Amino acid sequence: MVWRVKMERTKIIIDTDIGDDIDDALAIALALESPELDVIGITTVFKNVTARAKLAVNLLSMAGRSDIPVYAGIASPILNKVDINEIPCQYSEEKDGHANGFGKNGNDFIVDTIMKSDGDITLVPIGPLTNIAVSILREPAFKHKVKEIVMMGGCFYSHLSEWNIRCDPEAARIVFESGIPIRAVGLDVTVQCVLTEEDVNRLKTSHKQSGAYIPELLDRWYKVAKHLPMMHDPLAVCAVFDNRMLEFQQDEIVVETQGEFTRGQTYNRSALYWRANAEQSVIKAAKHVDAEAFIKLYMDRVCF
């Protein structure tokens, strides 16, 4: 007799600024190829969220996953000024402009889905945290219904201002102070996870349907990028379901919003006070990564 064990899949909503760096698209491809995950929706954030939503729709359509809803979220940060009409470098009006079937209010989708849930949904923001912060402000009970946030953003063990946090520091501060359990995957570990030219060539020739749009997006990205892909966002997706690749440390993290030179930095107060307040924190930051094992897992799933 063969016993079949039903795998418990983690429900996730991916909140993404897809279209600039290639790692967002690579992260979505990994999520689609991970049987441990159930992607129940994708929302877009920051600047031209409509173009980002169209990219996501096309990526999912070519992956055979048009069943996953896509919603354009909030374009403007809480205080920072940005051009909300700026076209992401991976967007093609000719090939993506016709894409439709996406919702126009990603923030409504996030709030409604979380509030109707049984507290079993993990949020996976891999862009600025505006959508998540506004959701927290809109609905007081929201923070009690989120299972966990597993995010890409910040830098916790060295002094750097990371892009996702810097784009909307006020939003990041709201999220980090919300009391929602957070596992944050920052530059401390993600910069160690870089694809080789051989890996990129394998992605371009992969026959996996989940990555069918990746070769073209890579070509568009390489027109402006001068380096190999760093796997910032895919590592955060991996952290949702695999506890072997990353070592997390519980720390008291605050987001600097006032400093002339430090605005947007994630400041580790536990390091300053010799971890005196770390035990009370609900935030865990990734401190070490097995980069080789992660890249192997990624390529095995997305390419074979």
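The values are calculated or read from the model by the stated rules, or taken from the named source; none is laboratory data. All values reported here derive from a predicted model rather than from experimental measurement. Cβ placement follows ideal geometry from the backbone for every residue including glycine, while neighbour counts extend to all protein chains displayed. The accessibility values were calculated without ligands, DNA or RNA, using every heavy atom of the protein model including side chains. Shrake-Rupley method; radii C 1.70, N 1.55, O 1.52, S 1.80 Å.
State whether one or more residues within region 248-266 are open to solvent by less than 40 Å² (accessible area, probe 1.4 Å) and without any contact (Cβ under 8 Å) to a residue 24 or more places away in the chain. Among the residues of region 248-266, at least one is open to solvent by less than 40 Å² (accessible area, probe 1.4 Å) and without any contact (Cβ under 8 Å) to a residue 24 or more places away in the chain, which makes the answer yes. The residues listed here are 25, 56, 75, 29; of these, the one that is in contact (Cβ under 8 Å) with a residue 24 or more places away in the chain, part of a helix (DSSP H, G or I) and over 20 Å from residue 299 (Cβ atoms) is 56. Of everything listed in (1) assigned to a helix (DSSP H, G or I); (2) at pLDDT 95 or above; (3) under 25 Å from residue 60 (Cα atoms), the single unmet condition for residue 224 is (1).
For region 185-221, residues that are in contact with a strand residue (DSSP E or B) (Cβ under 9 Å, 6 or more places away or on another chain) and among the charged types (D, E, K, R) total 1.
Annotation: of all residues in region 189-217 being open to solvent by less than 10 Å² (accessible area, probe 1.4 Å) and either under 23 Å from residue 153 (Cβ atoms) or of a type in the set (Val, Ile, Thr) (or both), the one that is farthest from the chain's Cα centre (by Cα) is 200.
Yes/no matrix, rows are residues, columns are (1) open to solvent by less than 10 Å² (accessible area, probe 1.4 Å); (2) part of a helix (DSSP H, G or I); (3) more than 23 Å from residue 233 (Cα to Cα):
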site	(1), (2), (3)
65	no, no, no
79	no, no, yes
88	yes, no, no
91	no, no, no
101	no, no, yes
118	no, no, yes
144	no, yes, yes
161	no, no, no
166	no, yes, no
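Of everything in region 170-187 that is assigned to a helix (DSSP H, G or I) and in contact with a Leu (Cβ under 8 Å, 6 or more places away or on another chain), the residue that is surrounded by the fewest Cβ atoms within 10 Å (Cβ to Cβ) is 170.
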